[in-house]
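The values are calculated or read from the model by the stated rules, or taken from the named source; none is laboratory data. Given the structure is predicted, the values throughout are model-derived calculations rather than measurements. Here Cβ is always computed from backbone atoms with ideal geometry, including for glycine, and neighbour counts include all displayed protein chains. When the accessible area is computed, the model is the full protein with side chains, heavy atoms only, and any ligands, DNA or RNA have been set aside. Shrake-Rupley method; radii C 1.70, N 1.55, O 1.52, S 1.80 Å.
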Amino acid sequence: MAEITLTFPDGKQQNFPATASVADVAKSISTSLGKKAIAGKLDDQLVDLTAPLAKNGKITIITAKDPEALQVLWNTATLTLGAALHALYPTMTFGEHALTEHGFYYDTDNSEKPVSEDDLDKINAAMAKFVKEDGKITREVVSKADALKTFANEPYKTSLLNACPDDDVVLYHLGDFVDFGEAGVLPDTKLLKVSKLLSVAGAYWQGKSSNQMLQRVYGTAFFNQKEMDADDQRRQEAHDRDHRVIGNKLDLFFVDPKVGAGLPYWMPKGATIRRTIERYIIDKEVSNGYQHVYTPVLMNLDAYKTSGHWDHYREDMFPPMDMGDGEQLELRPMNCPSHIQIYKHHIRSYRELPVRIAELGMMHRYEKSGALSGLQRVREMTLNDGHTFVTLDQIQDEFKKILQLMISVYADFNINDYSFRLSYRDPKNTEKYFNDDAMWNRAQTMLKGAMDDLGLDYVEAEGEAAFYGPKLDVQTKTAGGNEETLSTIQLDFMLPERFNLTYVGSDGEEHRPVMIHRGLVSTMERFVAYLTEIYKGAFPTWLAPVQAVIIPVKNELHADYAYGVRNRMLKAGLRVEVDERNEKMGYKIREAQTQKIPYALVIGDQELEQASISVRHYGEDKAVNMDTNMFVDALAAEVKNYSRTGKVSGTEEKVQKQLDKN
């Protein structure tokens, strides 16, 4: 009988029959491991518990305690969901299914009656029936031709099979339902005791708006109720922090698909937050040597052909506008070519470099409807963008200055949970990236060298670079736990070459500058969404759209004094309102808390007599009586200091020490 050699995590090797499965291997180690095993990994690829291993390789036994265990459970739950839907809706056809960070989904098409959230309880019950009966899942390997016959009446499955490069397909059977997909499925439903369906949403087939709209059913599952309860708590926290939910409650912005999906309207309060950030950013950049400019949102298409955007980024760009005289204009997807024109407008000397150009530049991206989300994914956005043109020997010093500027900005916004990622090209992907090995190797080596010289920790990620050069990404976590790029520094040797950028050196000859792209805080839309979630809508006083609300106890007695205090605060540059609605004082105070206004100032007889105010800080039950002028001065000082507590985060302190050291 043919044998295979398996290598275990500790390096030991053992021979087994080629027909041996993960279950056989686990039982050979110990009876208890045989009972606990749910799947395996062969050379880092998931394999089913009962599938013949058939080849040599490194093997790992997976139990419910391993990180990959949830993937196996969710694959099984997805199959069970399909079986339940098939039992309830025999004419339903099925599209793609996949795992998400916190569960799974299945796309469905039922022309008679599309699935809705009202159906979830019924579908949950149907899934539970399969679990109660310990539904056996059988595994079958068939040819692609036979699989196509099995799914002859399933147009979406047929399309997926035709795109599959393999000659053989693994089918999974549960009851009368059959499906195919990634390996890592349990042999039965016994462990699927704790699962639930979460929601239903529309999703275009394969994400294309020209395709059929399907119903996407989301769900999750865990090995025990404790894990499910923890996930419920996480979901509730994510919901409470969701910038779309908070934005609606606080009246910050709205998006109406009837007038344009992905095109946010900023309400006065949201606009105040954004305007405060924009003024802050401009002042910060100008004080650090940047020259702020305005450039058009339209540009001749030829510029994007020169830059490479048209070849490598076209599917994310809106169609060109034919002006009828041979000119084609394009809504810009990026600001780089615009800032290159600013640089090229004058002959540059080495004495001028670095030339730092910045703009709050409006851009447009052709985002699919299914990808749009509040302020995080939009079709029109304003990027805090900057480009620096430097000589070769200025790269590291400028890199350090940009990083210092970023750290300073993070401190002012109290952002302290971030990490660094060096993003490189995938050399095999010549369609996405310019095929110039020498340029890429040079740029990636210099970027890595700069980080190494600074002594900062980072991870490396292949395939995450911009199409024209490698970059340093500053990664942070959203309130929902997802990783997101907050800031970037990109090293670019390519665009200066393609646009023939030059400067006159000390030798009187022309030389090629290096271009550094950088974004401090992403787009205004995404940054406001991020801040809304990390602050949970309770913006620090300097950013809050209304910094204080004045509440007169009795309008007829105390309103005049209230407006006098308001005028004093307005002159100090503070944002303040007087609430003289005909409502009870307790209601007004609660409303101020609901609107997350930093300070509620109550004025009654005592305050009128003493020229004082009763101050209640957001989130606190007790109020303190303060002299009016003293409070106004203290509030103005708090705003000037960006509402800092005086504490410095560990990340900020560590990074700053390294920058200072170098």
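Selection of strands (runs of 3 or more DSSP E) fully inside the stretch 464-565 by the criterion of at least 1 residues being among the polar types (S, T, N, Q) and either touching a residue at least 24 places away in the same chain (Cβ under 8 Å) or outside the structural domain of T100 (by the TED database) (or both) returns 471-477, 483-492, 514-523. Inclusion of D118 among residues that are under 16 Å from V200 (Cα atoms), without any contact (Cβ under 8 Å) to a residue 40 or more places away in the chain, outside any loop (DSSP other than H, G, I, E, B) and open to solvent by 70 Å² or more (accessible area, probe 1.4 Å) is warranted.
The residue that is least open to solvent (accessible area, probe 1.4 Å), among those in the stretch 400-422 that are hydroxyl-bearing (S, T, Y) and under 16 Å from I534 (Cα atoms), is Y410. Within the stretch 18-73, the set of residues being in contact (Cβ under 8 Å) with a residue 12 or more places away in the chain, part of a helix (DSSP H, G or I) and of a type outside the set (K, R) comprises V22, A23, V25, A26, S28, I29, L33, A69, L70, Q71, V72, L73.
Going residue by residue through the stretch 315-322, is there one that turns out to be aliphatic (A, V, I, L, M), touching a helix residue (DSSP H, G or I) at 6+ places or on another chain (Cβ under 9 Å) and closer than 25 Å to K401 by Cα? No, the stretch 315-322 contains no residue that is aliphatic (A, V, I, L, M), touching a helix residue (DSSP H, G or I) at 6+ places or on another chain (Cβ under 9 Å) and closer than 25 Å to K401 by Cα.
Any chance the stretch 221-229 includes a residue that's more than 30 Å from T63 (Cα to Cα), within 24 Å of the chain's Cα centre (by Cα) and outside any helix (DSSP H, G or I)? Scanning the stretch 221-229 turns up no residue that is more than 30 Å from T63 (Cα to Cα), within 24 Å of the chain's Cα centre (by Cα) and outside any helix (DSSP H, G or I). In the stretch 287-314, the residue that is farthest from R365 (Cα to Cα) out of those that are open to solvent by 20 Å² or more (accessible area, probe 1.4 Å), touching a Phe, Trp or Tyr at 6+ places or on another chain (Cβ under 7 Å) and in contact (Cβ under 8 Å) with a residue 24 or more places away in the chain is T306.
Can you find even one residue in the stretch 231-252 that is surrounded by fewer than 19 Cβ atoms within 10 Å (Cβ to Cβ) and over 26 Å from the mean Cα position of the chain (by Cα)? No, the stretch 231-252 contains no residue that is surrounded by fewer than 19 Cβ atoms within 10 Å (Cβ to Cβ) and over 26 Å from the mean Cα position of the chain (by Cα).
Here's the yes/no breakdown for (1) at pLDDT 85 or above; (2) open to solvent by less than 20 Å² (accessible area, probe 1.4 Å):
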| residue | (1), (2) |
| --- | --- |
| G449 | no, no |
| L456 | no, yes |
| E497 | yes, no |
| L501 | yes, yes |
| R526 | yes, no |
| F539 | yes, yes |
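Among residues of the stretch 377-396 that are closer than 28 Å to R244 by Cα and in the same structural domain as V504 (by the TED database), those with a Cβ under 7 angstrom from a residue that is polar (S, T, N, Q) and open to solvent by less than 10 Å² (accessible area, probe 1.4 Å), sequence gap 6+ or separate chain, pair up as L383/N335; D385/N335. Within the stretch 260-314, the set of residues being at pLDDT below 95, assigned to a helix (DSSP H, G or I) and within 27 Å of the chain's Cα centre (by Cα) comprises G260, Y304, S307, H309, W310, D311, H312, R314.
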